[in-house]
Amino acid sequence: MSRKKEVKREIKQNKTYCIKTFGCQMNENDSEKLAGMLKALGYTEEDDVEKTGLVILNTCSVRENADERVFGNIGAFKTVKKTNPDLILAVCGCMMQQPEIVNQITRTYPQVDLVFGTHNIHQFPELLHNYLTNGKRLIEVWEDSDTIVEDLPMDRRYPFKAFVTIMNGCNNFCTYCIVPYTRGREVSREPDRIFDEVKALADDGCVEVTLLGQNVNSYGNDLGEDVNFASLLRQLNTIEKIKRIRFMTSHPKDLTDEVIDAIADCEKVCNYIHLPIQSGSTRILKKMNRKYTQENIIERVKKIKERIPGVAITTDLILGFPGETEADFQETLKVIKACEFDSAFTFLYSIRTGTPAATMDDQIPEDVKHDRINRCLEVLHQISHDINQGYQDQIVEVLAEEPSRNNPKRLTGRTRTGKLVNFSGDASNIGKQLLVKITAAKTFSLDGEIIEQEATHGTIDPHDDSIPANS
């Protein structure tokens, strides 16, 4: 393949940065690490790309439209660099783990100066230094890694809550998914290192942690018999200053009774589970290589709801997978109604080059996909509305997170079941656990009013009337 001759740039260093993040919480966590490394190098944040010295696009490759968004952003920087010629544009993340994407950037986007991947994010300061020294485009992408680099500096978006990566990679190879090719095989962190990180976060004022992994239920499979996700939850539950423990994401095939019991027993583990089923058709699940059946899904959800009163369960759904018939779609609707998910992230199937599903026969027409997703949303939204009505006039514990985007005089936060609550309050309440009375239950959110500035009652089940609504 012929490549254009690289031209050395004379760079006037501007020690400001802007990071644009695409994709999941793992990417958000990586961006916090990149920001931490930059601040350790003396950089400060600057949102205006016309003024900043460095822009990092941290990319996602799960959905086709994510790729299109990233390429659209990269393309825009051709114009930006005309007004800000000293700008350094770096692109990293999951998309860069695909050789064809890197080749496309090399051929088509000369405005990109630095490219690196998910496995060598810790190399970023060195790569940046090399680029600043040489002034030539630098591409450094590791194909894989069997270790997790510890103790990277972190610039957390919120002082009161944090992401904590407990493992990287995935061994499942679902036929539609590119993640095992971009994040590599499963590698778990040692539990003592995780415990120490969470304890340090707690000592620094953090009250909520979200444990991250492509499949947290597989945590510890590579570490030994005595280490698993349930034992990790129980260990972290003993950290005094931590008030809430969340996790993302669970694979249904690995959600064991032991994990369900740990969630039920540990008062700090939130009664919320994200359980991506993807389809309700056993036939389609087999084509997806998901390794469970419709019956398994319904049984697991029933077990969860029996063991964890007041639990909220959300899911992911892919509509229009290759070969999906109307009968398969009806099977998915059957499972949605049987499980009564609080909400769902719904996606139209999109071809990911390099995955088995990309070459499957019977690709579904776009109009059929859109019809099915619309009918699916009608069912999901009604269930969400009915569940949220159970919160009307109840008093719930809310962690206030930030001002409302639509009204700066109001705050937003989440219950322990992950429900979004909007309520009146000032910035002094951000980071606090509040008792909030729900005054309006909507399909996608709840409205409320503060009745106590700091929650002292502990965990509150929204369907438990032990705290009267008029207290």
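Every number in this text was worked out from the coordinates using simple rules, so none of it is lab data. What you are looking at is a predicted structure, and each value in this text was computed from that prediction instead of being measured. Heads up, the Cβs are rebuilt from the backbone with ideal geometry, glycines too, and the neighbour counts pull from every protein chain shown.
Rank the residues F341, F160 as a footprinting-exposure proxy: fewest other Cβ atoms within 10 Å of their Cβ go first.
Ranked by crowding around the Cβ, least crowded first: F160, F341.
The range 161-389: Rg/Rh from Cα coordinates, Kirkwood Rh? Before the final figure, lay out each step's value.
Working: Rg = 18.3 Å, Rh = 18.6 Å.
Ratio of gyration radius to Kirkwood radius: 0.99.
Quickly work out the E299-to-R375 label distance, labels modelled 7 Å from Cα along the C-beta direction, and quote it in nm with one decimal.
Result for the modelled spin labels: 2.9 nm.
For the range 125-161 and the range 315-333, what is the separation of their Cα centres, given in Å?
40 Å
Between the alpha-carbon centers of the range 211-237 and the range 290-313, tell me the distance in whole angstrom.
The two parts, judged by their Cα centres, are 20 Å apart.
Rounded to the nearest 0.05, what FRET efficiency do N406 and T439 give with R0 = 22 Å and r taken as the Cβ-Cβ distance? Could you check?
Computed FRET efficiency for N406 and T439: 0.85.
Given axes a ≥ b ≥ c from the Cα gyration tensor, I'd like to know whether the range 16-140 is rounded (a/c under 1.5), prolate (a/b larger than b/c) or oblate.
Rounded, because the longest to shortest axis ratio a/c is under 1.5.
State, as an integer percentage, the relative contact order of the chain based on alpha-carbon contacts under 8 Å between residues 6 or more apart.
After rounding, I find 10 percent.
Taking Cα pairs under 8 Å and at least six residues apart, what relative contact order does the range 16-140 come out at, in percent?
Answer for the range 16-140 is 24 percent.
Set the Förster radius R0 to 35 Å, insert the Cβ-Cβ distance between L152 and K291 as r into 1/(1 + (r/R0)^6), and round the FRET efficiency to 0.05.
Calculated transfer efficiency: 0.55.
Under 8 Å for C-alpha pairs, at least 6 residues apart: give me the relative contact order for the range 395-452, rounded to a whole percent.
Result for the range 395-452 is 34 percent.
Once phi is turned into θ = phi - 60°, what whole-Hz ³J(HN,Hα) does the Karplus curve with 6.51, -1.76 and 1.60 give for every residue of the range 179-184, x standing for Gly and Pro?
Karplus-based 3J(HN,Hα) across the range 179-184 equals 4, x, 8, 9, 9, x Hz.
Do the sum for the chain: with -39,500 (n - 2.57) for every DSSP H run of n ≥ 4, divided by all residues, what is the mean residue ellipticity at 222 nm, to the nearest 500 deg cm²/dmol?
The per-residue figure over the chain is -10000 deg cm²/dmol.
Sorted from fewest to most neighbouring beta carbons within 10 Å, what does the list S343, S445, S428 look like?
The most exposed by this proxy come first: S428, S445, S343.
Tell me, for the chain, which Cys residues have no other cysteine's C-beta sitting closer than 4.7 Å.
Cys with no partner Cβ under 4.7 Å: C18, C24, C60, C92, C94, C170, C206, C266, C270, C339, C376.
Pick out, in residue order, every one of the GluC sites (Glu not before Pro) in the range 371-458 that is DSSP loop and has at most 15 other C-beta atoms within 10 Å; say none if there are none.
E454
Can you tell me how much longer the chain between F195 and E366 gets when fully stretched, taken as 0.36 nm per residue apart minus their C-alpha distance, in nm with one decimal?
Residue separation times 0.36 nm, minus the Cα-Cα distance, leaves 56.9 nm.
Taking every eigenvalue of the Cα gyration tensor of the chain, multiplying by 5 and rooting it, what semi-axes result, largest first, whole Å?
37, 29, 22
Taking the alpha-carbon centroid of each part, what is the distance from the range 347-417 to the range 23-79 in angstrom?
Using only Cα atoms to place each centre, the spacing works out to 25 Å.
If you rank D151, D316 by fewest surrounding Cβ atoms within 10 Å, what's the result?
Placing the least packed residue first, the sequence is D151, D316.
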